[in-house]
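Data block below; observations after.
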């Protein structure tokens, strides 16, 4: 047994000659290439950071294995490798910290501290670059190493202690393997430094196996952490998809039930009118008939609204689906929360025949906020209301404006590059109010040309439904509401787009 242990120690102490060092370096190069390919495929930054981390450590160890092509390569450029060892270690520390920030999502847990640390890394990198350039300008190699060991390393050690404490406080599932890998390389580096300190090259070579084993164990834990991270992301994606499917089914069932109830009520009211026409006296029959016709009008309004609600819900859920496919989970969560609030507002008003313009604009703001998330630069939304206008005194049909905002986004702004905006203004006029909704999109003519070239043409029913609803609303409320659409051609300032003007007139 003692002989076996003795032979094993001889094997390890000869690591720079028997292939152990070459194996460790080869594994690092393989991990660098493998995770770079994963980064290209998944676009996750922690794959890129880990790939760079493994590559830099592999390059830093190239000169260690004897009797290998790597040693020949090292002696071909000895001065380059001698001067680059400290910069490579510097890059390794910085990239490793970025890897931890991404895989543990530390930005979401400690945004202020991470923002400060990122600024520090930019600053210290600029300072170190100056010292590195000094190696070639004023022979400042020793000065660069002194800054690295007596400036950068002490500060890095402090950040490392703070980082370990913050990592322990997080709820990430991958923190266990990360800390184990961290601990493995830390212990290995400490033992190697303690045993090799102040000794010659021959004695130092005996203890390099400690560092190699630490590197291999560290990368085993980090690779496991990356695989675990992908599993967590996959499980979260499946969970969100199941939740979206369930909500879509609930909304579809609700729409079907509501339409069925509305149609049943309409049939009952019409049958009631028919009975009254045959039984009641002329004067009394006319009065009651007018009452039931009013109720039928209200039911028609509710039926029209029930056609619009699922149309909007489908578009909103489709937006969430896009984020999930692109693995933008944080945007999907934000979108889902705002979407739930919007659905609640819509359902609260589903049984009303009219709401205030203030409530309608609140729903519109929330809808525009949701759609704006899908644009990389967002949409600039401005709402201007003239003084002395009380929004709660102006009554309109629920969700009257939403189709026009939807048209502005999907047909006007979606195909436009550069700045995108929607401006809403409300002013007083004689006999009522004037409401304007204008965008700087490509205009209806260009949108129709794009739509005509598509294999699947999208037919917008929002404007036609709005006309029907306004006609019934005018009849029911004795008002004169109407709208018109104006196409703005591009002027000298480059402004174009579409404007919808609502005339909200109340007869005296």
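The values are calculated or read from the model by the stated rules, or taken from the named source; none is laboratory data. All figures in this text were calculated on a predicted structure; none of them were measured in a lab. Glycine also receives a Cβ, built like all others from the backbone with ideal geometry; neighbour counts cover every protein chain displayed.
The one condition from (1) under 30 Å from residue 143 (Cβ atoms); (2) outside any helix (DSSP H, G or I) that residue 67 does not meet is (1). Taking the condition in the same structural domain as residue 94 (by TED's automatic domain parsing) and at pLDDT 90 or above, does residue 48 pass? Criteria met by residue 48. Residue-level check: of (1) surrounded by 15 or more Cβ atoms within 10 Å (Cβ to Cβ); (2) without any contact (Cβ under 8 Å) to a residue 12 or more places away in the chain, residue 399 misses just (2).
Before we move on, is residue 212 in a helix (DSSP H, G or I), surrounded by fewer than 17 Cβ atoms within 10 Å (Cβ to Cβ) and assigned by TED's automatic domain parsing to the domain that holds residue 50? No, not satisfied. Only one of these is out of contact with any helix residue (DSSP H, G or I) (no Cβ under 6 Å at 6 or more places or on another chain) and assigned by TED's automatic domain parsing to the domain that holds residue 212: 33, 21, 58. Name it. The conditions single out 33. Looking across 32, 21, one residue alone is surrounded by 19 or more Cβ atoms within 10 Å (Cβ to Cβ), over 42 Å from the mean Cα position of the chain (by Cα) and assigned to a helix (DSSP H, G or I). It is 21. Among the residues of segment 94-102, is there at least one that is in the same structural domain as residue 147 (by TED's automatic domain parsing), over 22 Å from residue 43 (Cβ atoms), touching a residue at least 40 places away in the same chain (Cβ under 8 Å) and touching a helix residue (DSSP H, G or I) at 6+ places or on another chain (Cβ under 9 Å)? No, the conditions are met nowhere in segment 94-102. Here residue 228 does not fit the description of being touching a helix residue (DSSP H, G or I) at 6+ places or on another chain (Cβ under 6 Å) and either more than 19 Å from residue 24 (Cβ to Cβ) or part of a helix (DSSP H, G or I) (or both). Scanning segment 36-46 turns up one or more residues that are in contact (Cβ under 8 Å) with a residue 24 or more places away in the chain, part of a helix (DSSP H, G or I), surrounded by 19 or more Cβ atoms within 10 Å (Cβ to Cβ) and touching a helix residue (DSSP H, G or I) at 6+ places or on another chain (Cβ under 7 Å).
The single condition from (1) touching a residue at least 12 places away in the same chain (Cβ under 8 Å); (2) at positive phi that residue 415 fails is (2). Residue-level check: of (1) modelled with pLDDT under 90; (2) surrounded by fewer than 22 Cβ atoms within 10 Å (Cβ to Cβ), residue 65 misses just (2). Taken together, the residues in segment 356-395 that are out of contact with any strand residue (DSSP E or B) (no Cβ under 7 Å at 6 or more places or on another chain), more than 24 Å from residue 334 (Cα to Cα) and either touching a residue at least 60 places away in the same chain (Cβ under 8 Å) or not assigned by TED's automatic domain parsing to the domain that holds residue 424 (or both) amount to 1.
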